[in-house]
Amino acid sequence: MSYIYFNPNPSELSVGDCVIRAISKITAQSWEKTYIELMLQGYMMSDLPSANRVWNEYLLRLGFTRKFIPDTCPNCYTVRQFCQDFPVGEYILATGAHVIAVINGNYYDSWDSGNEIPMYYYER
């Protein structure tokens, strides 16, 4: 279980597109296709593609279910601990300000976000 660098952004940018990067990894789609699909979802909902409600609806349409992290230790349960607790499966973690792809206990991101505190997650 470890951090694996992942940044499919064609311009190698890594700010503001974490939702697109994470969903791109989980769905095995290109960054461009994911961006366009989220943009269309946002257009249908009259909101931005990075808005939580937009990508939430997108993931639900793809068959993901949303679950909340128990609030037993709201400031100490990290992405790394989530990966240890969920060593099998595909997940999208949301911290409130960041989104991370987790596959079989490894987390994929453009920076090591292992100390971030997830609030909820999507499971496929």
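Quick look at the numbers
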item: Out of Ile100, Ile69, sole residue that is of a type in the set (A, V, I, L, M, F, W, C) and crowded, with 20+ Cβ neighbours inside 10 Å; result: Ile100
item: Qualifying residue in region 103-115 (condition: exposed (fewer than 14 other Cβ atoms within 10 Å of the Cβ), over 17 Å from Ile4 (Cβ atoms) and of a type outside the set (Ser, Thr, Tyr)); result: no
item: Residue check, Tyr122 within 14 Å of Met1 (Cβ to Cβ) and part of a strand (DSSP E or B); result: no
item: Qualifying helices (runs of 4 or more DSSP H) (wholly inside region 1-66; at least 3 residues being hydroxyl-bearing (Ser, Thr, Tyr) and either free of Cβ contacts under 8 Å to residues at least 60 places away in the same chain or exposed (fewer than 13 other Cβ atoms within 10 Å of the Cβ) (or both)); result: 31-45
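Laboratory data are not the source of any read-out in this text; all were calculated from the coordinates shown. Treat the numbers as computed from the prediction; the structure is a model and nothing was measured. Glycine gets a Cβ as well: all are built from the backbone with ideal geometry, and neighbour counts include every protein chain shown.
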